[in-house]
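Down below is the structure, laid out as structure tokens.
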Amino acid sequence: MATTIKPFSSRIFNLTSLKTHVLLQRAYSTIKYPINQTKPHHFLTTADFSAEQLYELVNRAIQFKIEAKYEKKTTDKPLTGKTLALIFSKRSTRTRVATESAMTYLGGHSMFLGSQDIQLGVNESLLDTSRVVSSMVDGIMARAGESTVPVINALSDKYHPTQILADLMTLHEHIHHRSQSATKGQYTAHMQHPRETLPGLRIAWVGDANNILQEMLVSFPKLGISVAAACPSGYTCAEDIVAIAKSDSKKTGAQILFTTKPDEAVKDADVIVTDTWISMGQEAEKARRLNEFKGYQVTMEMAKRAGAKPDWAFMHCLPRKQEEVDDEVFYSDRSLVFTEAENRKWTILSVLDTFIVKGGVSN
């Protein structure tokens, strides 16, 4: 009896499973999916965002630093199964390490695509590459031409938004901790909002009119931060950048100054900032640039002579060369450069969380 019932009940089970499978297939086949996705939110420059939105990005970065570094918390891995393509045409240390470690913390995967790895610029245009890559990943860290997924500008000739978010975070931490002498040795920057520390600061820029300065000009004035920039004759920012800075400064009361004399820019500065004089791709111009930037090296003597504030600090986005700032300043207690570099990770975490996890900033 047992030998005849077993195969018979097995056939009934199989027929039932087949019927269920067919019904499910019919149900699924009625579901329609939109081909044209909604336009993604990109992070291409801080010029695209309001003061409150920038404050929120910085504040979220501070929260990530508290949670991951000090409280040792893990996330619920919201980017599990998600891939971020890093399309870099130049060498990268801070941006690459910060982005890959940030994606790992959120549970995602980073795919580094250097100039030697893909067809970009060789057999395929930026537009075509952007369309192809964006169809296979969930975000792009690059300067893409057209994409169906969020694009985060890692660096371009005109802008460098992730660096400036790190600078804003570093400025907030520095100003906050400087005024909290009673809690020296403890991290308490999360206990005060950046809108309470950043407005009213005076930043002196001494160097090239490059993407860092331009990104500062489209973000700092709208936050009430004054910028005094000293660049050699012939080194000027794009006209639209200057127009944005002047428009924002009128609304907030921030001051904007352009000069060719470093001492004029450094006068009354809270923070002195510089960057490389010779960016990647400009090596052939080295001799000429070094000659044109004579007198622009940041030194203690320059700050004292020009009349920077007694407690002035120094920032540089790295990598640094000695002609830009001497060792005495770079390795002094005034230097914020290594905290500034670390904060690339926390601010990129904030950007990934905002634009890829949450789909964009809130209005």
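Odds and ends about this structure:
- In the range 330-355, the residues that are closer than 12 Å to T99 by Cβ reach residues that are open to solvent by 20 Å² or more (accessible area, probe 1.4 Å) and among the hydroxyl-bearing types (S, T, Y) with C-beta atoms within less than 6 angstrom, at least six apart or across chains, in these pairs: K345/S101.
- Scanning the range 277-331 for residues that are exposed (fewer than 13 other Cβ atoms within 10 Å of the Cβ) and in a helix (DSSP H, G or I) gives E283, A284, K286, A287, R288, N291, E301, K304, D327.
- Conditions (1) among the polar types (S, T, N, Q); (2) open to solvent by 20 Å² or more (accessible area, probe 1.4 Å); (3) closer than 21 Å to A189 by Cβ; number of the one not met by S350: (2)
- Criterion applied to F293, F355, F330 was being more than 23 Å from Q63 (Cα to Cα) and touching a Gly at 6+ places or on another chain (Cβ under 9 Å), and the one residue passing it is F293.
- When residues of the range 266-276 are limited to those that are out of contact with any Leu (no Cβ under 6 Å at 6 or more places or on another chain) and not polar (S, T, N, Q), the one most open to solvent (accessible area, probe 1.4 Å): K267
- Of the strands (runs of 3 or more DSSP E) that lie entirely inside the range 183-260, those containing 3 or more residues that are over 23 Å from I62 (Cα atoms) and open to solvent by 30 Å² or more (accessible area, probe 1.4 Å) span 256-259.
The values are calculated or read from the model by the stated rules, or taken from the named source; none is laboratory data. All figures in this text were calculated on a predicted structure; none of them were measured in a lab. All Cβ positions, glycine included, derive from the backbone under ideal geometry; neighbour counts span all protein chains shown. The accessibility values were calculated without ligands, DNA or RNA, using every heavy atom of the protein model including side chains. Shrake-Rupley method; radii C 1.70, N 1.55, O 1.52, S 1.80 Å.
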